[in-house]
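The values are calculated or read from the model by the stated rules, or taken from the named source; none is laboratory data. As the structure is a computational prediction, the values presented were derived from the model and not from experiment. For neighbour counting, all protein chains shown are included, and Cβ atoms are generated from backbone atoms with ideal geometry for every residue, glycine included. The area values use the complete protein model at the heavy-atom level, side chains included, leaving out ligands, DNA and RNA. Shrake-Rupley method; radii C 1.70, N 1.55, O 1.52, S 1.80 Å.
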Amino acid sequence: MPTPQRWTPTGWIDAPQAEGWCLPGIANLHSHAFQRAMAGLAERQTNPSDSFWTWRETMYRFAARFDPDTLYAVASQLYVEMLEAGYTTVCEFHYLHHAPDGRAYDDPAAMSRALIRAARDTGIRLTLLPVLYMCGGFDGRPLGERQRRFGHDVDAYLRLLETLRIEGDATLRIGCALHSLRAVPADAMRDVLAALPRQSRVHIHIAEQIGEVQDCLAVRDARPVEWLLDNAEVDARWTLVHATHLTPGEVQGIARSGATVALCPTTEANLGDGLFPLRDYLDAGGAWGIGSDSHISVSPVEELRWLEYGQRLVTRHRNIAVREDSPSVGETLLRGVVATAANASEFSGADDVLVLDAASPQFAGAIAGNVVDRWLFAGNRNPVRQVSVAGMPVVAAGRHRDREAVALAYAAAMRKLMA
Ligand code: NGQ
Ligand code: ZN
């Protein structure tokens, strides 16, 4: 190998002490940790017209089984997998707040604390986004039986944020999430936004499904993104999750706002959402990042690869995510995710490093200029050898320091969840 080098958004720099090609840690902008436990378990037909909405029923049934201990075990396994794959920050969009019957736990933050513990114990940075979830649809209908454990009124929600903020430290941030325009009435949205600290990040699911766009048009007389841009001060502190179905005006509007779009290509494919208009959005100067969402895949490589491949499949062209001054698809994609990590998560990740295995055949004869493309577009072996977060080594020789113990606890939790 030539002198080891470290990638930065403006070019490679020498890193003589490194044991391989060094990349920045990747921020995972969208995660529902509990869904890791149902990966692969919703791939059987339940109905000839299976869709996102029938998947959601399966997901709700699964969500009903969790308690703080099983959530801790599943999140720990997930975070180990994330770290080994190269994610060093996770934005946890967390709405499994209460007991299955909807009653608050003795400690109303018990489920949040399970996620915080899992992140601390595994060593990943956590941006915890407790979710405000108030109703079952745009018409304001009450939460369904299985949604009850997600719910808060505005006051109880703000109290939860306050309680959790005390925990914030070097690797924990507390932000805010609005589940979706479907689940949060307009006045509640305004009240919560007005009560947040200035720097608080705000994440929201938006325009993922055509049905959601139609319901929003019917009730609020505007498309979801259009309505949001008109009714909230959307800026760089905001992350819009999915934003799949957009008009050209909405594409321009998000790009102008400075918000980040969190794209989750493997989940969006798995759920049959549709395809984000990536090229138009990049042309508008839009900011974006990636998330693994339902965790049917836990790999920045796969998210970025399929982000590009989805576009190739529909346009019948190659090398879509590029710019005139950035002809490498891999480097353009990596620059995209690095640029938004701090806005979306409140962590820059600048102190986090992945070391790729320079001795792997995947990098045979590599030069700095093709390392990122070879990382993202060659093969299926994970070449991440070492990962450090905030200067702490958490993965060595490709394995998380607690891989075995965490997997054992996960297997026990799965037996409970599947019983
Ligand atoms: C969620 N997940 O909250 O877990 C959602 C499904 C919904 C994705 N959209 C439920 N991928 O949107 O109502
Ligand atoms: Zn989601």
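Of the conditions (1) under 30 Å from VAL371 (Cβ atoms); (2) of a type in the set (Phe, Trp, Tyr); (3) in contact with a Ser or Thr (Cβ under 9 Å, 6 or more places away or on another chain), TRP21 clears all except one; give me its number.
(3)
Select, from GLU19, GLU43, the only residue that is in contact (Cβ under 8 Å) with a residue 24 or more places away in the chain, surrounded by fewer than 22 Cβ atoms within 10 Å (Cβ to Cβ) and of a type in the set (Asp, Glu).
Working: GLU43 fails: in contact (Cβ under 8 Å) with a residue 24 or more places away in the chain.
Just one listed residue meets the conditions, GLU19.
Regarding the range 245-253, can at least one residue be identified that is touching a strand residue (DSSP E or B) at 6+ places or on another chain (Cβ under 8 Å), open to solvent by less than 50 Å² (accessible area, probe 1.4 Å) and modelled with pLDDT of 95 or more?
Checked the range 245-253: no residue is touching a strand residue (DSSP E or B) at 6+ places or on another chain (Cβ under 8 Å), open to solvent by less than 50 Å² (accessible area, probe 1.4 Å) and modelled with pLDDT of 95 or more.
Based on what the data block shows, is LEU23 more than 14 Å from ligand 1 (Cβ to nearest atom) and among the hydrophobic types (A, V, I, L, M, F, W, C)?
Working: more than 14 Å from ligand 1 (Cβ to nearest atom): yes; among the hydrophobic types (A, V, I, L, M, F, W, C): yes.
For LEU23, the condition - more than 14 Å from ligand 1 (Cβ to nearest atom) and among the hydrophobic types (A, V, I, L, M, F, W, C) - is met.
Do we have any residue at all in the range 233-241 that's away from ligand 1 (no atom under 16 Å from the Cβ), within 19 Å of the chain's Cα centre (by Cα) and within 13 Å of ALA284 (Cβ to Cβ)?
No, there is no match, as no residue in the range 233-241 is away from ligand 1 (no atom under 16 Å from the Cβ), within 19 Å of the chain's Cα centre (by Cα) and within 13 Å of ALA284 (Cβ to Cβ).
Can you tell me which residues in the range 238-296 are aliphatic (A, V, I, L, M), away from ligand 2 (no atom under 16 Å from the Cβ) and in contact with a helix residue (DSSP H, G or I) (Cβ under 7 Å, 6 or more places away or on another chain)?
The answer is LEU246, VAL251, ILE254, ALA255, LEU275, LEU278, ALA284, ALA287.
Only residues that are among the hydrophobic types (A, V, I, L, M, F, W, C) and open to solvent by less than 10 Å² (accessible area, probe 1.4 Å): list them for the range 90-115, please.
VAL90, CYS91, PHE93, LEU96, ALA109, MET111, ALA114, LEU115
Residue pairs, Cβ under 6 Å, 6 or more apart or interchain, first in the range 187-204 and part of a loop (DSSP other than H, G, I, E, B), second buried (at least 18 other Cβ atoms within 10 Å of the Cβ). List them.
As it stands, the answer is LEU196/CYS176; SER200/GLY175; SER200/CYS176; ARG201/GLY175; ARG201/ARG237; ARG201/GLU346, since those pairs meet every condition given.
Of all residues in the range 145-163, which are open to solvent by 30 Å² or more (accessible area, probe 1.4 Å) and either in a helix (DSSP H, G or I) or not charged (D, E, K, R) (or both)?
Of everything in the range 145-163, those that are open to solvent by 30 Å² or more (accessible area, probe 1.4 Å) and either in a helix (DSSP H, G or I) or not charged (D, E, K, R) (or both) turn out to be GLU145, ARG146, ARG148, ASP155, LEU158, ARG159, GLU162, THR163.
Within 16 Å of ligand 1 (Cβ to nearest atom), assigned to a helix (DSSP H, G or I) and surrounded by 20 or more Cβ atoms within 10 Å (Cβ to Cβ): is that true of THR267 in this structure?
yes
Answer with yes or no whether THR163 is among the hydroxyl-bearing types (Ser, Thr, Tyr) and more than 16 Å from ligand 2 (Cβ to nearest atom).
Working: among the hydroxyl-bearing types (Ser, Thr, Tyr): yes; more than 16 Å from ligand 2 (Cβ to nearest atom): yes.
For THR163, the condition - among the hydroxyl-bearing types (Ser, Thr, Tyr) and more than 16 Å from ligand 2 (Cβ to nearest atom) - is met.
Looking at the structure I just gave you, is HIS179 farther than 16 Å from GLY136 by Cα, within 16 Å of ligand 2 (Cβ to nearest atom) and either open to solvent by less than 30 Å² (accessible area, probe 1.4 Å) or at pLDDT 95 or above (or both)?
Numbers: farther than 16 Å from GLY136 by Cα: no; within 16 Å of ligand 2 (Cβ to nearest atom): yes; either open to solvent by less than 30 Å² (accessible area, probe 1.4 Å) or at pLDDT 95 or above (or both): yes.
So HIS179 does not fit the description; no.
Of all residues being acidic (Asp, Glu) and open to solvent by less than 10 Å² (accessible area, probe 1.4 Å) in the range 295-319, which is farthest from GLU43 (Cα to Cα)? Just the residue, please.
GLU308
Can you tell me which residue is surrounded by the fewest Cβ atoms within 10 Å (Cβ to Cβ) among those in the range 351-387 that are touching a Phe, Trp or Tyr at 6+ places or on another chain (Cβ under 8 Å) and in a strand (DSSP E or B)?
Per the criteria, the residue is VAL355.
Of all residues being of a type in the set (A, V, I, L, M, F, W, C) and not in a helix (DSSP H, G or I) in the range 273-302, which is nearest to the chain's Cα centre (by Cα)? Just the residue, please. Steps first, answer last, please.
Kept after step one, since they are of a type in the set (A, V, I, L, M, F, W, C), are these residues of the range 273-302: 275-276, 278, 282, 284, 287-288, 290, 296, 298, 301.
Now restrict to residues that are not in a helix (DSSP H, G or I): 275-276, 284, 287-288, 290, 296, 298.
Numbers: LEU275: 17, PHE276: 16, ALA284: 23, ALA287: 15, TRP288: 11, ILE290: 6, ILE296: 12, VAL298: 10 Å.
The extreme case among them is ILE290.
Scan the range 320-350 for residues that are part of a loop (DSSP other than H, G, I, E, B), surrounded by 13 or more Cβ atoms within 10 Å (Cβ to Cβ) and of a type outside the set (Gly, Ala, Ser) and jot them down.
ILE320, VAL322, GLU346, PHE347
Can you pull out the residues in the range 80-111 that are away from ligand 1 (no atom under 16 Å from the Cβ) and within 19 Å of the chain's Cα centre (by Cα)?
VAL80, GLU81, MET82, LEU83, GLU84, ALA85, GLY86, TYR87, THR88, THR89
Going through the range 192-208 one residue at a time, which ones are open to solvent by 20 Å² or more (accessible area, probe 1.4 Å) and either on the phi > 0 side of the Ramachandran plot or out of contact with any Cys (no Cβ under 6 Å at 6 or more places or on another chain) (or both)?
Those that are open to solvent by 20 Å² or more (accessible area, probe 1.4 Å) and either on the phi > 0 side of the Ramachandran plot or out of contact with any Cys (no Cβ under 6 Å at 6 or more places or on another chain) (or both): LEU193, ALA194, ALA195, PRO197, ARG198, GLN199, ARG201.
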